[in-house]
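Notes follow the structure.
We did not get these values from a lab; they are worked out from the coordinates using the rules stated. Quick caveat: nothing in here was measured; it's all calculated off a predicted structure. Glycine also receives a Cβ, built like all others from the backbone with ideal geometry; neighbour counts cover every protein chain displayed.
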Amino acid sequence: MASELNKLTIAEASAMLRKREISALELTRDCLERIAAVEPKLNAFITVCDKEATAQARQADARLATNDAPLLCGIPLGIKDIYATTGVRTTCASRILENFVPPFDATVIARLRSDGAVFIGKTNMDEFAMGSSTENSAFGPTLNPHDTGRVAGGSSGGSAAAVAAHECLGALGTDTGGSIREPASFCGVVGLKPTYSRVSRYGVIAYASSLDQVGPFAKSVRDAAIILRTLAGKDPRDSTCSARAVPDYQRALTGDVKGLRIGVPKEFFVEGMEPEVEKSVRAALKNYESLGATTAEISLPHTGYAIAAYYLVATAEASANLARYDGIRFGLRVNAEDNIALNEITRAQGFGAEVKRRIMLGTFALSAGYYDAYYLKGQKVRTLIRNDFERAFEKCDLIVTPVAPTTAFKLGEKMNDPLTMYLSDIFTISVNLAGLPGMSIPCGYDSKNLPIGMQLIGPPFSEENILRAGDAFERSGASKPRATAV
Amino acid sequence: MMAESKITLEQVRHVARLARLRLSPDEEERVRADMDEMLAYVDKLNELDTKDVAPTAQVGEAGTPMRDDEVTNAPAADAMLANSPSRERNYFKVPKIIE
């Protein structure tokens with residue numbers, strides 16, 4: 001009979017590993033067994049690293065025997081296939097990188113590796129992190145563990161689904177416009193997008209560099225705090241990365257939110273939202289009041305312009321970042337009569353439809369004669385959105401909103417209408433434009449038994465406050481996690 | 001009634017050349033329609049007067065740090081070239097450029 005150690009949280013497993021009640025090898029084997037059992041239904045992984053993970057687990061056990069191992073030593077994690085991992089293929093869910101094996105580790109991978117974490121596999125995603133459903137993967141969509149007829153969210157859908165289905169204890173995602181928070185909400189797990197610059201982006205395949213940020217998926221807020229502590233901190237290889245000291249985020253989890261001032265933006269509770277989502281988030285706000293926090297309506301007046309500004313800024317940056325996939329130095333090459341044709345045909349065959357769509361829009365927004373009207377306009381509106389938040393945080397410590405207007409939608413439902421798909425990120429995208437930290441935590445279920453997520457947003461570098469508030473809600477027991485269908 | 005087009009097929013072909021993407025005729029039309037829809041949507045930004053607003057290019061606090069111009073990585077030509085689609089000795093091989 002399986003011992004189901006894979007169902008443990010990181011905090012629980014870490015304590016048991018230290019007491020030698022379980023071994024990292026047993027824990028890793030339970031995760032691998034679970035992966036073998038559910039992957040045919042979920043497709044959360046692009047590459048499963050059986051052999052490497054087993055070897056890492058054995059090393060972790062040796063280190064744990066010395067009584068001097070970090071908290072993440074021996075903990076199996078899923079890694080979004082956007083992170084460079086030495087010797088393990090890194091595809092970004094694209095045909096153009098289908099056989100790319102990086103000769104180096106991303107900074108966060110190196111940090112987790114030095115802590116002794118076990119990399120159980122590379123998780124599925126929207127190609128180049130462009131999407132909100134993980135349907136834009138060259139390796140097929142990831143399905144939602146709560147209902148396999150529905151999407152897992154995106155772009156980090158594989159990581160969210162893998163954690164929800166207990167294929168691993170935690171995972172890494174990236175978030176450019178909601179790509180951690182939305183799938184966390186759809187799959188009923190915790191997903192944290194830290195402040196822009198809190199975590200190094202070195203070795204993370206770039207989509208939109210001024211918006212991309214690294215963050216964890218976890219089964220609890222405490223676990224997210226544990227992972228963030230290892231991820232965060234200065235890196236000479238990413239010049240945008242902040243030199244601020246990294247706190248022990250677990251210490252912030254006091255359970256005390258008395259006097260916390262929560263702002264509730266009126267622009268986020270508008271038409272198009274599923275009534276059950278609104279009801280659930282409103283109930284969570286009541287719960288915060290009962291814990292001693294105060295709530296007040298605030299305004300973020302430019303919210304309605306965030307998606308438009310984002311799709312100019314992000315696609316422009318993407319068009320520049322993706323210029324490197326030219327078929328010359330690495331990745332797919334389709335031979336042709338000359339080099340220009342080689343570039344054009346390689347890119348035409350290597351990129352999927354959504355990636356082409358965004359490269360085209362971004363190239364147009366940057367092109368001669370259109371730069372001021374589109375790209376520059378987007379950047380100016382970005383300033384207005386940032387100012388909205390700055391003003392709001394004069395009156396509150398934390399902003400609470402729904403993560404998405406709906407719960408997980410059906411597979412294929414939005415695939416033929418890009419704009420409708422883009423609108424699923426309406427509540428998360430402005431947080432990236434402003435560079436703020438945001439966290440998605442489960443706050444309830446709808447009548448179809450699908451998870452609902454609540455978003456906690458704070459000023460730059462307020463991760464401790466966000467984690468404290470999330471943990472306090474979790475401890476209150478107001479939302480009990482339910483078993484997945486798979 | 002047909003709304004006015006924001007972008008023509010000829011513009012799409014021009015942008016595709018800039019982006020080094022060889023689109024099929026079907027793709028060209030689909031991309032044109034999608035871009036048309038997005039450009040019409042982003043027009044809503046023109047409701048905002050941004051004449052005196054400074055653009056935001058970067059939200060980090062790190063500024064532009066300088067470092068010494070020193071080589072920090074060890075030579076690793078084989079590792080760097082291991083992913084090359086076509087290689088000869090320590091070179092990336094490409095089709096002939098000059099006749």
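Brief remarks on what is shown
- Computed [θ] at 222 nm, helices only, for chain A once each DSSP H run of length n ≥ 4 contributes -39500 (n - 2.57): -11500 deg cm²/dmol
- Segments A:462-475, A:180-193, A:432-445, B:19-32 sorted - mean Cβ within 10 Å per residue, highest first: A:180-193, A:432-445, A:462-475, B:19-32
- Take each residue in A:334-344, count the other chain C-beta atoms within 10 Å of its C-beta, and the mean is 4.
- Cα-based reach from A:LYS193 at 24 Å (exclusive), listing lysines while leaving out same-chain residues under 8 positions away: A:LYS7, A:LYS80, A:LYS122, A:LYS219, A:LYS234, A:LYS266, A:LYS380, A:LYS395, A:LYS480
- Working note: Karplus 6.51/-1.76/1.60 with θ = phi - 60° gives region A:372-389 the couplings 5, 5, 10, 4, 4, 4, x, 5, 6, 5, 4, 4, 5, 5, 4, 4, 3, 5 Hz, where Gly and Pro are set to x.
- Eligible aspartates and glutamates near A:LYS356 by straight Cα distance, threshold 12 Å, same-chain separation 8 or greater: A:GLU127, A:GLU344, B:GLU27, B:GLU28, B:ASP34
- Structure-based [θ]222 nm, chain B - -39500 (n - 2.57) summed over DSSP H runs of at least 4, per residue, nearest 500: -10000 deg cm²/dmol
- Set of region A:88-114 residues, backbone N closer than 14 Å to the point 7 Å along the Cα-Cβ line of B:ALA82: A:88-90, A:99-106
- Karplus-derived HN-Hα couplings along region A:62-75 (A = 6.51, B = -1.76, C = 1.60, θ = phi - 60°), whole Hz, x at Gly and Pro: 4, 6, 4, 5, 8, 6, 9, 10, x, 4, 8, 5, x, 8
- Efficiency of FRET from Cβ geometry, A:ASN99 and A:ASN387, R₀ 51 Å, rounded to 0.05: 0.65
- Under 5 Å, built H, 5+ apart or other chain: amide partners of A:GLY173: A:GLY215, A:PHE217
- A:THR66 versus A:ILE340: modelled label distance in nm, points set 7 Å from Cα along the beta carbon direction: 5.9
- Residue by residue along A:304-314, Cβ atoms of other protein chains within 10 Å of the local Cβ number 3 on average.
- A simple rule links phi to the HN-Hα coupling: the Karplus curve 6.51 cos²θ - 1.76 cosθ + 1.60 with θ = phi - 60°, which for region A:92-107 gives 6, 6, 10, 4, 5, 10, 3, 10, 7, 10, x, x, 8, 9, 4, 4 Hz, with x for Gly and Pro.
- Out of every Cα-Cα pair that region A:81-229 contains, those further apart than 23 angstrom amount to 26 percent.
- Modelled spin labels at B:VAL71 and A:SER3, positioned 7 Å past Cα toward Cβ, are 5.1 nm from each other.
- Extent of region B:7-47 along its three principal axes (Cα atoms, max minus min coordinate, largest first): 35, 19, 13 Å.
- Distance (nanometres) between label positions extended 7 Å along Cα→Cβ at B:TYR91 and B:LYS44: 5.5
- Global form of the protein assembly as shown, assessed from the alpha-carbon gyration tensor, a/c cut-off 1.5: oblate
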